[in-house]
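*Asks:* Sharing a structure here in structure tokens format.
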Amino acid sequence: MSGDFDRKRLVSEALKAQKMAYVPYSGFKVGAALLTKDDKIYTGCNIENAAFSPTNCAERTAFFKAVSEGENEFKAIAVIGGESNARGVYCPPCGVCRQVMLEFCDPESFIVILANGEEDFRELLLKDLIPFSFGKSNL
Ligand code: THU
């Protein structure tokens with residue numbers, strides 16, 4: 001897959017972010033690391049809430065941090081969720097996070113890395129995670 005960047009570094013940043021997860025209700029920690037077009041990395045973790053619906057996923061935390069700092073072009077995101085996943089079993093982004101990715105990324109080239117660690121990850125293109133989508137071009 002195209003995209004010339006250090007996959008392992010992005011995964012390692014997601015792993016670090018995962019440790020910051022605030023998950024008193026599910027106990028399910030997720031970390032994300034988002035790479036901008038200029039190779040800057042914004043990380044995020046999931047942040048839960050007693051009222052449940054205000055919970056923010058790790059991926060959206062990373063996107064909202066980046067966009068709020070003026071970033072609007074992205075190459076890739078690495079996502080790590082859970083602790084003892086079997087090799088090849090990953091935490092895929094939820095539908096809401098896929099929709100947020102679509103808002104800011106080119107589905108033909110944005111790379112989503114699903115990881116358990118630096119030695120166990122898989123990458124997909126956003127277009128394969130959210131086919132037949134509703135986006136800017138529909139308005
Ligand atoms: N979660 C994420 O952070 N990212 C995802 O894409 C999947 C779900 C979080 C939300 C909640 O805090 C926990 O995982 C269990 O759903």
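The values are calculated or read from the model by the stated rules, or taken from the named source; none is laboratory data. Values in this document were obtained by computation on a predicted structure and should not be read as measured data. Using ideal geometry, Cβ is built from the backbone for each residue, glycine included, and neighbour counts are taken over all protein chains shown. What goes into the accessible areas is simple: the full protein's heavy atoms, side chains included, and nothing from ligands, DNA or RNA. Shrake-Rupley method; radii C 1.70, N 1.55, O 1.52, S 1.80 Å.
*Asks:* I'd like to compare 12-20, 33-41: which one has the highest average count of other Cβ atoms within 10 Å, and what's the full order after that? Intermediate values should be presented prior to the final figure.
*Replies:* Values: 12-20: 19.9, 33-41: 18.2.
Packing order, densest peptide first, comes out as 12-20, 33-41.
*Asks:* Considering only I41, G27, V11, whose Cα is most displaced toward the positive end of the charge dipole of region 1-45, charges sitting on Cβ of Lys, Arg (+1) and Asp, Glu (-1)?
*Replies:* Ranked along the dipole, the leading option is G27.
*Asks:* So, taking all protein chains as they sit and a 1.4 Å probe, how much accessible area belongs to T55, in Å² rounded to tens?
*Replies:* For T55, the solvent-accessible surface is approximately 40 Å².
*Asks:* Let me ask another. Let me spell out the model: positive unit charges on the Cβ of Lys and Arg, negative unit charges on the Cβ of Asp and Glu, origin at the Cα centre of region 1-121. What dipole size does that give, in debye rounded to 20? Could the numbers behind the result be given before it?
*Replies:* Numbers: 13 positive and 17 negative charges, 70 e Å.
Approximately 340 debye in magnitude.
*Asks:* Got a number for carbon plus sulfur as a percent of region 1-103's accessible area, 1.4 Å probe? Walk me through the numbers on the way to the answer.
*Replies:* Numbers: 2800 of 5360 Å².
Roughly 52 percent of what the probe reaches on region 1-103 is carbon or sulfur.
*Asks:* Apply the Karplus parameterisation 6.51 cos²θ - 1.76 cosθ + 1.60, with θ equal to phi minus 60°, to every residue of region 124-139 and state each ³J(HN,Hα) to the nearest whole Hz, in sequence, with x for glycine and proline.
*Replies:* For region 124-139, the Karplus-derived couplings read 9, 8, 4, 4, 7, 8, 9, x, 6, 8, 9, x, 3, 5, 8, 9 Hz, x marking Gly and Pro.
*Asks:* Which value, in Å², gives the accessible area per residue of region 1-77 when a 1.4 Å probe is used on the protein heavy atoms? Could the numbers behind the result be given before it?
*Replies:* Values: 4080 Å² over 77 residues.
Ligands and nucleic acids excluded, the figure is 53 Å² per residue.
*Asks:* In addition: Given all pairs of different Cα atoms, what value in angstroms does the Kirkwood hydrodynamic radius of region 1-84 take?
*Replies:* Numbers: mean 1/r = 0.0775 Å⁻¹.
Here the Kirkwood hydrodynamic radius works out to 12.9 Å.
*Asks:* Over all pairs of distinct alpha carbons, what does the Kirkwood formula give as the hydrodynamic radius of region 5-139, in Å? Mind dumping the intermediate values first?
*Replies:* Details: mean 1/r = 0.0679 Å⁻¹.
Taking every pair of different Cα atoms in region 5-139, averaging 1/r and inverting gives 14.7 Å.
*Asks:* Still on this structure: Looking only at Cα atoms, what is the convex hull volume of region 60-102 per residue, in Å³? The partial results should precede the final answer.
*Replies:* Numbers: hull volume 3.7 nm³, N = 43.
Value for region 60-102: 85 Å³ per residue.
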